[in-house]
Amino acid sequence: MRITFLGTGTSQGVPVIACGCEVCQSLDFRDKRLRVSIHLEIADKSFVIDTGPDFRQQMLRERIHKLDAVIFTHEHKDHTAGLDDVRAYNFSQKRDMPIYARPSVLEQIQQEFAYAFTAIKYPGTPQITLNEIHNTPFEVEGITFTPIEVLHFKLPVYGFRIGDFTYITDVNYISDEAIEKVKGSKIVVIGALRKEKHLSHFTLSEAIEVLDKIQPEQAYITHISHQMGLHRDVDEELPAYIKLAYDGLSVTC
């Protein structure tokens, strides 16, 4: 499996509009963060988890010419807003795009992109097939995804385990039961917004505490805000097995 970090930023991205902080003014490419998303390449299959507002830019940057399905963690705009651009794959692959999400997320997507689900469609609108998932393993193109249910304040969000890889983004609570599902993963990606306490996201220290319980071989932090600090500085503070992810980083599992 090849995992590519399409975006590692929070909902505003980094740099933030009109912000003059040192992170937003940084010339280090690792401090430039699009909205959070990953691409998974497993054998000859290609999947994206979440289509944020930067989806088109991310697909072009990584030259992803084939996409078999999209899997959603939750319904917030920074994870769904780019869905319209799957129509490029409709045209090139000549088929509908399957998307997978819990029922409440599918309902929200049908509201936000109502024009794609009307009985009489305007030519060129996205062609999408809806697939419900629940808190049990499911298959996409022969690949098993195991949901990891966490909380993002009071909103249930799915992380996913695929083989020896686990991906969890927007989170501020993980139950012991969910942690048990993650244990044994070789690579774990988890969201941490900043170092200071936040209502709906782990701080860096809280994410490290969870990772210490899981003990993967390698871990990466994602969903990072400009308030976290400069990539080069924060990365040096982390335990040896944990790194800050950055846009374009590609790893194998």
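The values are calculated or read from the model by the stated rules, or taken from the named source; none is laboratory data. This structure is a prediction, so every number in the text was calculated from the model and none was measured. Note: ideal-geometry Cβ built from the backbone for every residue, glycine included; neighbour counts use all protein chains shown. Surface accessibility is based on the protein's heavy atoms, side chains included, excluding ligands, DNA and RNA. Shrake-Rupley method; radii C 1.70, N 1.55, O 1.52, S 1.80 Å.
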Quiz item: So, in region 145-169, of the ones that are touching a Ser or Thr at 6+ places or on another chain (Cβ under 7 Å) and in a loop (DSSP other than H, G, I, E, B), which residue ends up farthest from T73 (Cα to Cα)?
Solution: D164
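Let's see how each residue does on (1) farther than 23 Å from Q12 by Cα; (2) open to solvent by 10 Å² or more (accessible area, probe 1.4 Å):
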position: K154; (1), (2): no, yes
position: D164; (1), (2): yes, yes
position: T169; (1), (2): no, no
position: S175; (1), (2): yes, yes
position: R194; (1), (2): no, yes
position: H198; (1), (2): no, yes
position: H201; (1), (2): no, yes
position: V210; (1), (2): yes, yes
Self-check item: Tally of residues being in contact with a strand residue (DSSP E or B) (Cβ under 6 Å, 6 or more places away or on another chain), in a loop (DSSP other than H, G, I, E, B) and closer than 21 Å to M228 by Cβ across region 173-194
Solution: 2
Self-check item: Candidate set: region 153-208, residues that are in contact (Cβ under 8 Å) with a residue 12 or more places away in the chain and among the acidic types (D, E); chosen: the one farthest from I133 (Cα to Cα)
Solution: E196
Quiz item: F55 is checked against (1) under 16 Å from I143 (Cβ atoms); (2) open to solvent by less than 10 Å² (accessible area, probe 1.4 Å); (3) under 13 Å from the mean Cα position of the chain (by Cα) and fails just one. What number does that condition carry?
Solution: (1)
Quiz item: So, of the residues in region 212-247 that are assigned to a loop (DSSP other than H, G, I, E, B), more than 18 Å from I148 (Cα to Cα) and in contact with a Phe, Trp or Tyr (Cβ under 9 Å, 6 or more places away or on another chain), which turns out to be most open to solvent (accessible area, probe 1.4 Å)?
Solution: E217
Self-check item: Sole residue being of a type in the set (A, V, I, L, M, F, W, C), touching a Gly at 6+ places or on another chain (Cβ under 9 Å) and closer than 25 Å to R87 by Cα, chosen from I190, I128, I143
Solution: I143
Quiz item: On the given criteria, is I109 open to solvent by less than 10 Å² (accessible area, probe 1.4 Å), part of a strand (DSSP E or B) and touching a helix residue (DSSP H, G or I) at 6+ places or on another chain (Cβ under 7 Å)?
Solution: no
Self-check item: Among the residues listed as A240, A192, A207, the single one being at pLDDT 95 or above, more than 24 Å from Y100 (Cα to Cα), among the small types (G, A, S) and under 15 Å from the mean Cα position of the chain (by Cα)
Solution: A192
Quiz item: Taking region 113-130, which residues are of a type in the set (A, V, I, L, M) and not in a strand (DSSP E or B)?
Solution: A114, A116, A119, I120
Quiz prompt | Candidates V140, V150 - the one that is among the β-branched types (V, I, T), farther than 21 Å from K45 by Cβ and modelled with pLDDT of 95 or more | solution = V150
